[in-house]
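To keep things clear, I will list the structure first and then write my remarks on it.
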Amino acid sequence: MENHPTTLADWLARLETMHPKAIDMGLDRVRQVKDAMAIQFACPVIIVGGTNGKGSTCAMLESILLRAGYRVGLYTSPHLLHFNERMRINGQSVGDAELIAAFDKLDAVRADVSLSYFEFTTLAAMQLFADTKLDAVIFEVGLGGRLDAVNVLDADVSIVTSVDIDHTEYLGDTREKIGFEKAGIFRPGKTAICGDPVPPASLVEHAEEIGADLWLFNRDFNYSGDKQQWNFSGRGHRRNSLGYPSLRGANQLLNASSVLAALEALRLRLPVGAQEVRTGLAVVDLPGRFQVLPGRPVIILDVAHNPHAAATLAQNLDNMSFHPYTYAVFGAMQDKDIDGVIAHLKGRIDHWCVTDLPLPRAATAADIKEKLLHAYGEEPSATDTERSIQTFTSPADAFANALSRAGENDRIAVFGSFLTVAGVMEFRNSEHH
């Protein structure tokens, strides 16, 4: 018997190497272990999938339900700084001791079934939440939907926030193929919500084929609003004069509308009052989603790492007040459409600080610089004060450089992989202490 992990760090290190493939699509192994553990929920289960907007949607749902006095479990991924962020009970990250106990329990039951890091931790979250008396559980899909480990659960409400191109090697290279994968979380006779204003036909067809109760944006629910407030209207329910969500950015009303549609569908089991919706939206907090930090220069943290998210980031940057120069701290995984991300942002960034990331599947800073030179057509001269492209070995170094050059009226946008944003968050935390 190998040495049994006794700390969370040891456990996570073991999970990294326990399964031959980091991403192993398919549900048979996960379902087998879930059945062996007899995991089931007596409360409503909400599953959230989609290309972008999943994290924001989960955070708003959790925030509103907590304000309404419900006991809520939330599972999300990936994490920014601490693994514990992935599992929250009543708004608090689960502690190391509880995680270790859940991992031990799962390890004993799974026998010789091999599980990937994501499968193992997802099952542990299910077990933890099932063992805690909760009123609602929310699970964010890791990748796709149909073959994602989260999909061994049968959701009472499934939400697909948006469908765009990402993870093409697993999900296909068109919105129609990807839409079919995302729609895999829908269930016969259960509420299926799609917040994408232009849903792929494959998603709609799949929902209809299996007999899910499909709610489409602009058909079954929508929003309207002005600068001060907004209104939601669902199938039989309106919510008027709502304040804007504290999460900033162009797509947040779309995400909030999907959340309110889900709450309308669940209103007999989880009634929520108007004031609880208002407060829940006003206080919701999610690091790294167009997060604008106080102080000067302005610093924006955003985990935008595909073209769809980059287009939203570009729009959000345009909606800010004037800044003479914009610095970018950018690093991304090799398998991302980096050219597509650059295309949306190149007109808005003056100085690029591109960085390596501490993972073998990351693009190197040199790779990203090549793509930038291709996009701009030439390298800025060394004496050019208006434009620059520089490479760094870590997000912290790239950020420190941007900070040393930015004027107090400029802004620094930190975006790309979760690791880019996390690297800068860690650097800022260490500077403050």
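What is the chain's relative contact order, in percent, from Cα pairs under 8 angstrom and six or more apart in sequence?
About 14 percent, as a whole number.
What net charge is computed for the residues neighbouring Pro380, neighbours being all others with C-beta under 12 Å from the C-beta of Pro380, Lys and Arg scored +1, Asp and Glu -1?
That sum, taken over residues with Cβ under 12 Å, equals -3.
Picking from Ser388, Leu373, Leu357, whose Cα lies most toward the positive end of the charge dipole for segment 353-395 (charges on Cβ: Lys, Arg +1; Asp, Glu -1)?
Leu357
So how much slack lies between Arg387 and Asp367, counting 0.36 nm per residue of separation and subtracting their Cα-Cα distance, in nm?
Taking 0.36 nm per residue and subtracting the Cα distance, the gain is 5.3 nm.
Please find the FRET efficiency linking Asn429 to Val204, where r is the Cβ-Cβ separation and R0 is fixed at 51 Å, and quote it to the nearest 0.05.
0.70
Kindly list the residues of segment 1-40 that lie in the label zone of Ala111, defined by a backbone N under 13 Å from the point 7 Å along the Cα-to-C-beta vector.
Zone members listed by number: 32-37.
Please go through segment 356-433 and write out the trypsin sites (Lys or Arg not before Pro) that DSSP classes as loop and that have at most 16 other C-beta atoms within 10 Å.
Here the sparse-neighbourhood loop sites are Arg361, Arg387.
Could you state the accessible area per residue of segment 59-146 in Å², with a 1.4 Å probe and every protein chain left in place?
Computed with neighbouring chains in place, this is 33 Å² per residue.
Provide Asp410, Asp397, Asp384 ordered by accessible surface of protein heavy atoms (probe 1.4 Å), highest first.
The ranking, largest first, comes out as Asp397, Asp384, Asp410.
At Leu268 and Lys177, where each label point lies 7 Å from the Cα along Cα→Cβ, what is the point-to-point distance in nanometres?
According to this spin-label approximation, the distance is 4.1 nm.
Distance between Cα centroids, segment 213-236 to segment 237-301: provide it in whole Å.
Going from one Cα centre to the other spans 14 Å.
How big, on average over all directions, is the shadow cast by the Cα convex hull of the chain, in nm²?
Averaged projected area of the chain's Cα convex hull equals 21.1 nm².
What dipole magnitude, in Debye to the nearest 20, does segment 1-108 give about its Cα centre under +1 on Lys/Arg Cβ and -1 on Asp/Glu Cβ?
Its charge dipole is roughly 460 debye.
To the nearest 10 Å², what's Arg269's accessible area with a 1.4 Å probe?
120 Å²
Just from its helices, what would the mean residue ellipticity at 222 nm be for the chain, if runs of 4 or more DSSP H residues each count -39500 (n - 2.57) and the sum is divided by every residue, rounded to the nearest 500 deg cm²/dmol?
-12000 deg cm²/dmol
Within a Cβ distance under 13 Å of Phe41, other residues only, what is the Lys/Arg minus Asp/Glu net charge?
Net charge around Phe41: 0.
Quick check: residue separation of Met333 and Tyr376 times 0.36 nm, minus the Cα distance between them. What number comes out in nm?
Here the segment from Met333 to Tyr376 would lengthen by 13.4 nm.
Taking 0.36 nm per residue of separation and subtracting the Cα-Cα distance, what length does fully extending Lys227 through Asn84 add?
47.8 nm
Which residue, Ala124, Val94, Val109, has the largest displacement toward the positive end of the dipole of segment 30-182 when charges sit on each Cβ (Lys, Arg +1; Asp, Glu -1)?
Val94
When the dipole is taken about the Cα centre of the chain, and only Lys, Arg (+1) and Asp, Glu (-1) are charged at their Cβ, what size is it in debye, to the nearest 20?
1340 debye
So what does log10 I(q)/I(0) come out to for segment 152-279 at q = 0.09, 0.10, 0.13 Å⁻¹, using the Debye formula with one equal point on every Cα and no solvent?
Evaluating at q = 0.09, 0.10, 0.13 Å⁻¹ gives log10 I(q)/I(0) of -0.27, -0.33, -0.55.
By Kyte-Doolittle mean hydropathy of at least -1.0 and Cα axial length of at least 18 Å, which whole DSSP H helices of the chain are selected?
Those that pass (Cα extent of 18 Å or more, hydropathy at least -1.0) are 54-67, 96-110, 117-131, 252-265, 418-432.
From the protein chains alone at 1.4 Å, what is the descending order of accessible area for Glu408, Glu276, largest first?
Greatest to least solvent exposure: Glu408, Glu276.
Report the one residue of Tyr325, Ser158, His308 whose Cα lies farthest in the direction of the positive end of the charge dipole of the chain (charges on C-beta: Lys and Arg +1, Asp and Glu -1; origin at the Cα centre).
Going by the charge dipole, the pick is Ser158.
Evaluate E = 1/(1 + (r/R0)^6) for Asp35 and Lys346, where r is the Cβ-Cβ distance and R0 equals 51 Å; express this FRET efficiency to the nearest 0.05.
Calculated transfer efficiency: 0.50.
Size of the dipole of segment 95-191 about the Cα centre, Lys and Arg at +1 and Asp and Glu at -1 on the beta carbon, nothing else charged, in debye to 20?
360 debye
Ignoring everything but the protein chains, give the 1.4 Å probe accessible area of Leu260 in square angstrom, nearest 10.
Probe radius 1.4 Å; accessible area of Leu260 about 0 Å².
The values are calculated or read from the model by the stated rules, or taken from the named source; none is laboratory data. Small disclaimer: the values here were computed from a predicted structure and weren't measured. Heads up, the Cβs are rebuilt from the backbone with ideal geometry, glycines too, and the neighbour counts pull from every protein chain shown. The area values use the complete protein model at the heavy-atom level, side chains included, leaving out ligands, DNA and RNA. Shrake-Rupley method; radii C 1.70, N 1.55, O 1.52, S 1.80 Å.
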